[in-house]
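Chemist: Please find one structure pasted underneath; my questions will follow.
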Amino acid sequence: MTAITVIGTGNMGQAIAGVAHKGGASVQILARDLEKAGTAAAAIGATSGVVGDAISGEIVILALPYPALADIAEKYGDQLTNKVVVDITNPVDFATFDGLVVPADSSAAAELATAVPGARVVKAFNTNFAATLVSGELGGVPTVVQIAGDDDAAKKLLADVLTAAGLSVADAGALNRTRELEAFGFLQMVLAVREQISWTGGFAVRS
């Protein structure tokens, strides 16, 4: 059984924890608020704790805003070595909502990989809205999680859980493709804010 730790109890954190549970993984949920972690964990029979507690998962999903990544990297450091660390963020400038805050030749995932060089960083979920992960479908097809990373075995470990949960996976390639995934995620958010699509919608990927 794959063990997954989800850090964060927002809409995305709870949705991803639910997908992981549905995919047969054992789930640990960590948050800064122990009560919130406990409530989210109780809903799916997971274990819970606070940020700073030991990580039990071989896959660690950072269901947090982009600015929180640096703190998590510093707090856990070497504990993330050899773990599959999944970045779901879109590093959007929320002050202007007019662009990404990372350099044009970089990405949030690339910065994370630099901060935790021993980790096997994978980008995933940033092009999904929480509602489509919960429902498992979009536009009449299974919800597709687009992923990228340099470690094929790490991507497969995550993909196997997702497909077991009934989702589809599209592998966008190496970690340097995360810039495009983050731009894609930003575009989807812009369309939702402009009410061109709903927060229960998004892009469906058909093979």
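The values are calculated or read from the model by the stated rules, or taken from the named source; none is laboratory data. In this text, all values refer to a predicted model and were calculated from it rather than measured experimentally. When we count neighbours, we look across all protein chains shown, and the Cβ atoms used for this are built from the backbone with ideal geometry, even at glycine.
Chemist: Within the stretch 22-40, track down each residue that is assigned to a helix (DSSP H, G or I) and touching a residue at least 40 places away in the same chain (Cβ under 8 Å).
Modeler: Answer for the stretch 22-40, where residues must be assigned to a helix (DSSP H, G or I) and touching a residue at least 40 places away in the same chain (Cβ under 8 Å): just Lys22.
Chemist: Given the options Asp151, Asp98, name the one that is modelled with pLDDT of 95 or more and charged (D, E, K, R).
Modeler: Asp151
Chemist: Here's another thing I want to ask about it. Is it the case that the stretch 1-18 has a residue that's over 14 Å from the mean Cα position of the chain (by Cα), of a type in the set (A, V, I, L, M, F, W, C) and either under 22 Å from Asp151 (Cα atoms) or modelled with pLDDT of 95 or more (or both)?
Modeler: yes
Chemist: Another question about this same structure. Consider the stretch 76-94. How many of its residues are modelled with pLDDT of 95 or more and among the charged types (D, E, K, R)?
Modeler: Qualifying residue count for the region: 2.
Chemist: Continuing with the same structure: Would you be able to say whether some residue in the stretch 91-114 is assigned to a helix (DSSP H, G or I), free of Cβ contacts under 8 Å to residues at least 40 places away in the same chain and surrounded by fewer than 19 Cβ atoms within 10 Å (Cβ to Cβ)?
Modeler: Checking the stretch 91-114: at least one residue is assigned to a helix (DSSP H, G or I), free of Cβ contacts under 8 Å to residues at least 40 places away in the same chain and surrounded by fewer than 19 Cβ atoms within 10 Å (Cβ to Cβ).
Chemist: Just to be sure I understand the filter: pairs with C-beta atoms under 6 Å, separated by 6 or more residues or on different chains, first member in the stretch 191-207 and more than 10 Å from Phe129 (Cβ to Cβ), second member part of a loop (DSSP other than H, G, I, E, B). Which pairs pass?
Modeler: Close Cβ pairs satisfying both conditions: Leu191/Ile197; Ala204/Gly139.
So that you can scan it fast, the table gives a plain yes or no per residue for (1) crowded, with 24+ Cβ neighbours inside 10 Å; (2) more than 16 Å from Glu111 (Cα to Cα); (3) of a type outside the set (A, V, I, L, M, F, W, C):
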{"site": "Val6", "(1), (2), (3)": "yes, yes, no"}
{"site": "Arg32", "(1), (2), (3)": "no, yes, yes"}
{"site": "Ser48", "(1), (2), (3)": "no, yes, yes"}
{"site": "Tyr66", "(1), (2), (3)": "no, no, yes"}
{"site": "Glu74", "(1), (2), (3)": "no, no, yes"}
{"site": "Gln79", "(1), (2), (3)": "no, yes, yes"}
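Chemist: Give the residues of the stretch 41-88 that are of a type in the set (Val, Ile, Thr), within 23 Å of Leu100 (Cβ to Cβ) and outside any loop (DSSP other than H, G, I, E, B), sorted by residue number.
Modeler: Listed by number, the residues that qualify are Ile61, Ile72, Val85, Val86.
Chemist: Further question: How many of the residues in the stretch 177-206 are closer than 23 Å to Gly149 by Cα, touching a strand residue (DSSP E or B) at 6+ places or on another chain (Cβ under 8 Å) and of a type outside the set (A, V, I, L, M, F, W, C)?
Modeler: Residues flagged as closer than 23 Å to Gly149 by Cα, touching a strand residue (DSSP E or B) at 6+ places or on another chain (Cβ under 8 Å) and of a type outside the set (A, V, I, L, M, F, W, C) within the stretch 177-206 amount to 5.
Chemist: I've got another one for you. Output the helices (runs of 4 or more DSSP H) that fall wholly within the stretch 117-195 and possess 1 or more residues being within 14 Å of the chain's Cα centre (by Cα), farther than 18 Å from Leu64 by Cβ and among the hydroxyl-bearing types (Ser, Thr, Tyr), or say none.
Modeler: 130-135
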